[in-house]
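Please read the structure below before turning to the comments.
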């Protein structure tokens, strides 16, 4: 079964079984809602524990969740530093609009300049509110490439290749 990360459980929150989630999805409303089932992978586990979300709320930069049947901190401590994942079946392709992509489609792509020079590989995506910023690991250093029309010229998911216009000062 193919799994996709949607959140990282960074810690517990309080004594009533809440977990603090750092979202790794750009479809938070489709992933984190009461009644949704997620695969919770404990740190270093290969098999999930299926959990159903009982409550959702935002707190600062985190999403706080509780799971059905887990009502105190001791129930959720084993999930600390684990991952929340969904299966490929849970993904809905029709959610995407033109020029929108899932994070897992972008992460791992090779970024090249218009002249063909390889800049590096996308390792992470930062959400800034205004636009996403791709963290590109180059040969010598990391680059931060904003996902904006003036910079990103072509995205080829099949070939895992993204062509960008290198503006002055970008790299």
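The values are calculated or read from the model by the stated rules, or taken from the named source; none is laboratory data. Being a predicted model, the structure only gives us computed values, none of them experimental. Cβ placement follows ideal geometry from the backbone for every residue including glycine, while neighbour counts extend to all protein chains displayed.
Yes or no, residue by residue, for (1) in contact with a strand residue (DSSP E or B) (Cβ under 7 Å, 6 or more places away or on another chain); (2) surrounded by fewer than 17 Cβ atoms within 10 Å (Cβ to Cβ):
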site	(1), (2)
98	no, yes
102	no, yes
106	yes, no
109	yes, no
123	yes, yes
130	no, yes
148	no, yes
160	yes, yes
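Among the residues in segment 34-44, are any in contact (Cβ under 8 Å) with a residue 60 or more places away in the chain and either more than 24 Å from residue 102 (Cα to Cα) or in contact with a helix residue (DSSP H, G or I) (Cβ under 9 Å, 6 or more places away or on another chain) (or both)? No: segment 34-44 contains no residue that is in contact (Cβ under 8 Å) with a residue 60 or more places away in the chain and either more than 24 Å from residue 102 (Cα to Cα) or in contact with a helix residue (DSSP H, G or I) (Cβ under 9 Å, 6 or more places away or on another chain) (or both). A single member of 108, 82 is in the same structural domain as residue 25 (by TED's automatic domain parsing), within 19 Å of the chain's Cα centre (by Cα) and in contact (Cβ under 8 Å) with a residue 12 or more places away in the chain, and it is 82. Taken as a whole, the condition of being surrounded by 11 or more Cβ atoms within 10 Å (Cβ to Cβ) and not in a loop (DSSP other than H, G, I, E, B) does not apply to residue 89. The one condition from (1) assigned to a helix (DSSP H, G or I); (2) under 22 Å from residue 126 (Cβ atoms); (3) free of Cβ contacts under 8 Å to residues at least 24 places away in the same chain that residue 74 does not meet is (2). Among the conditions (1) more than 30 Å from residue 149 (Cβ to Cβ); (2) out of contact with any helix residue (DSSP H, G or I) (no Cβ under 7 Å at 6 or more places or on another chain); (3) assigned to a strand (DSSP E or B), the only one that residue 58 does not satisfy is (1). When the criteria are applied in full, residue 6 meets the requirement of being in contact with a helix residue (DSSP H, G or I) (Cβ under 6 Å, 6 or more places away or on another chain) and buried (at least 18 other Cβ atoms within 10 Å of the Cβ). Candidates in segment 58-71 are the residues that are without any contact (Cβ under 8 Å) to a residue 40 or more places away in the chain and farther than 18 Å from residue 15 by Cβ; of these, the one that is nearest to the chain's Cα centre (by Cα) is 61. With at pLDDT 95 or above and surrounded by fewer than 13 Cβ atoms within 10 Å (Cβ to Cβ) as the only criterion, which of 34, 15, 51, 19 stands out? Step by step, each of 34, 15, 51, 19 is checked, and only 34 is at pLDDT 95 or above and surrounded by fewer than 13 Cβ atoms within 10 Å (Cβ to Cβ).
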